[in-house]
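The values are calculated or read from the model by the stated rules, or taken from the named source; none is laboratory data. Only a predicted model underlies this, so the values are computations on that prediction, with no experimental measurement involved. Cβ placement follows ideal geometry from the backbone for every residue including glycine, while neighbour counts extend to all protein chains displayed. What goes into the accessible areas is simple: the full protein's heavy atoms, side chains included, and nothing from ligands, DNA or RNA. Shrake-Rupley method; radii C 1.70, N 1.55, O 1.52, S 1.80 Å.
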Amino acid sequence: GATWSAPQRVSRPASGAALAIALQVVTEGDDVLVVYADRRAGQADVYANASSDAGATWQTADLRINRGALGLGSAEAPHAVLAGGFAHVVWEDGRGASADIRYSRSEDAGQTWPDEDLRLDLATSTSVFAVRPRVAARGAELAVCWLDSREGVLDVLLRRSLDGGRTWGDGEQRLDEDPSEAGESLDARLAFTTGGRIAVWSDTRSGQADIFVHHARDDDSPKR
């Protein structure tokens, strides 16, 4: 950190033409991916730019990841991970009647993206919203958690893939498991350990916000 290169702009509308916010940078070896929400079309969309040489050079055009109509329904709060040369991005998406969780996978570390994305939350009511997703990866295993309002307050839900995001399990798992509507669960985070998974979140079931941890071992039942 003693010396730095000249800064480069990686969001690609004309400079100053749009608000680009909620950025994240992830790395794996020399692969670097930057994701952000960009309002060049009025509503926010999720964009990414990738570098394969540790950030020395970048794609000449950034790429839109969410596949709803451009500028129709806000796509925000992106979160990404690079694992085994694959890039995985999740975000909250407002193209429907309420916010849902969407996912996309790039097979070349973010250089290209598929023409379709996938909805992960399984809520059926249009009054339910799902927000603030987080994704973690360990080899071919992916886990995505988010905050979900279907029980009247925000709960932490999780969904998993065991094949690098190609397919996802049939159901969701609720992680906080406090009595229904006992309090809001906020600001969830995910990580993998050598032999399991860790989720942490801020929880208001006691009236004030406490931090809770959920630990699921690969070879045992969940521990909280």
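Spherically averaged projected area of the convex hull of Cα atoms, the stretch 8-123: 6.8 nm².
Taken about its Cα centre, the chain carries a charge dipole of about 420 debye when Lys and Arg each add +1 at the Cβ and Asp and Glu each add -1 at the Cβ.
Just checking the listed ones, 78, 133, 13: in the Gaussian network model of the chain with Cα springs under 10 Å, the one fluctuating most is 13. Counting only protein heavy atoms and a 1.4 Å probe, the stretch 1-126 has 48 square angstrom of accessible area per residue. Compactness ratio for the stretch 108-224: Cα radius of gyration over 2.2 N^0.38 Å (N = residue count) comes to 1.11.
Residues 88, 79 ordered from highest to lowest accessible area at a 1.4 Å probe: 79, 88.
By how many nm would the segment from residue 41 to residue 69 lengthen if fully extended, with 0.36 nm per residue of separation less the alpha-carbon distance?
Answer, rounded to one decimal: 9.1 nm.
Counting only Cα atoms, the chain measures 51, 39, 36 Å along its principal axes, largest extent leading. Distance from the Cα centroid of the stretch 118-142 to that of the stretch 155-216 is 11 Å (rounded to whole angstrom). Starting from the Cα of residue 112, step 7 Å toward the Cβ, then list every residue of the stretch 9-49 with an amide N under 18 Å from that point. Backbone N within reach: 48-49.
On the chain, 51 percent of the accessible area sits on carbon and sulfur atoms, based on a 1.4 Å probe.
Across the stretch 209-214, computed HN-Hα scalar couplings (Karplus, 6.51 cos²θ - 1.76 cosθ + 1.60, θ = phi - 60°) run 7, 10, 9, 10, 10, 10 Hz from first to last residue, x flagging Gly and Pro. Within the stretch 134-164, name every residue whose backbone N is under 19 Å away from a label modeled 7 Å from Cα of residue 182 along the Cβ vector. Backbone N within reach: 147-158. Label-to-label distance, residue 127 versus residue 193, with points set 7 angstrom from Cα along the beta-carbon direction: 4.0 nm.
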